[in-house]
């Protein structure tokens, strides 16, 4: 049986390789935010950058809030998943 971390990493790898969307994440208690959503900007997906941003203006289908504040940057998908981020 596949673990949650493996499942998350596999789905993120697919998102990065397909370049089809800007993923939104569930809130991570390590990085509290009051409004908006944590996500990876579409431009970061296309550049293979693992940057979680705090997007206060996300509309559900927006790829263009590329100026959203950076919450945290990782060197790999595994680091991101190990730090507690889960796809929404």
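A short reminder: the numbers here are calculations on the coordinates, not readings from a lab. This is a predicted model, so every value here is computed, not measured. Note that we place each Cβ from the backbone using ideal geometry, even for glycine, and neighbour counts take in every protein chain shown.
Modelled label positions at residue 82 and residue 43, each set 7 Å beyond Cα in the direction of Cβ, lie 2.9 nm from each other. Averaging 1/r over each pair of different alpha-carbon atoms in the chain and inverting the result gives 13.0 Å, the Kirkwood hydrodynamic radius.
Tell me, what is the percent relative contact order of segment 4-82, built from C-alpha pairs under 8 Å that lie six or more residues apart?
Details: 111 pairs, mean separation 22.1, N = 79.
After rounding, I find 28 percent.
Taking 0.36 nm per residue of separation and subtracting the Cα-Cα distance, full extension of the segment from residue 57 to residue 30 would add 7.6 nm.
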